[in-house]
Amino acid sequence: MEQHRKQTLSIQLAAELVTEVEKLAMEQGKSTSWVVEEALRAIVKKTQRHHQQILKGLADVDEGRVVDHADMVDFANLLKNV
């Protein structure tokens, strides 16, 4: 099993959030550090995925892969009538 180098990160959180993290950790049988790390991993992954989608969209625009606004409105109107 690969060992990961660990570092300590000091943060201040609202007391209510700390209580929720502690409650979740207890319910999951995990440490509060595990809960916070999992949450951070999830938000980092989501943010990176969102950023990549934006870059892909910008590349589509640069390459002219776009739909005219009027055509999109016409299409939306067709969907309303289905």
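Within the stretch 3-17, no residue that is touching a residue at least 40 places away in the same chain (Cβ under 8 Å) and within 14 Å of SER33 (Cα to Cα) sits with its Cβ atom under 7 Å from a residue that is assigned to a loop (DSSP other than H, G, I, E, B) and aliphatic (A, V, I, L, M) at 6+ positions apart or across chains.
When the residues of the stretch 24-37 are filtered to those that are part of a helix (DSSP H, G or I) and either basic (Lys, Arg) or exposed (fewer than 13 other Cβ atoms within 10 Å of the Cβ) (or both), which remaining residue is nearest to the chain's Cα centre (by Cα)? Steps first, please.
Quick first cut of the stretch 24-37, residues part of a helix (DSSP H, G or I) only: 24-28, 32-37.
This time we only want the ones that are either basic (Lys, Arg) or exposed (fewer than 13 other Cβ atoms within 10 Å of the Cβ) (or both), so: 26-28.
Numbers: MET26: 25, GLU27: 24, GLN28: 22 Å.
Looking at the filtered set, the residue picked out is GLN28.
Taking the stretch 1-25 as the search range and keeping residues that are under 15 Å from LEU40 (Cα atoms) and among the small types (Gly, Ala, Ser), which one is modelled with the highest pLDDT? The selected residue is ALA25. For the residues VAL66, VAL44, the requirement of being surrounded by 10 or more Cβ atoms within 10 Å (Cβ to Cβ) and either in contact (Cβ under 8 Å) with a residue 24 or more places away in the chain or part of a helix (DSSP H, G or I) (or both) singles out VAL44.
Being over 30 Å from LEU9 (Cβ atoms) and in a helix (DSSP H, G or I) is the filter here; which residues of the stretch 47-63 pass it? Across the stretch 47-63, the qualifying residues are LYS56, GLY57, LEU58, ALA59, ASP60, VAL61, ASP62.
The values are calculated or read from the model by the stated rules, or taken from the named source; none is laboratory data. Note that the structure is a prediction, hence the values are computed from the model and not measured. Cβ sites come from the backbone with ideal geometry, for glycine too, and all protein chains shown count toward neighbours.
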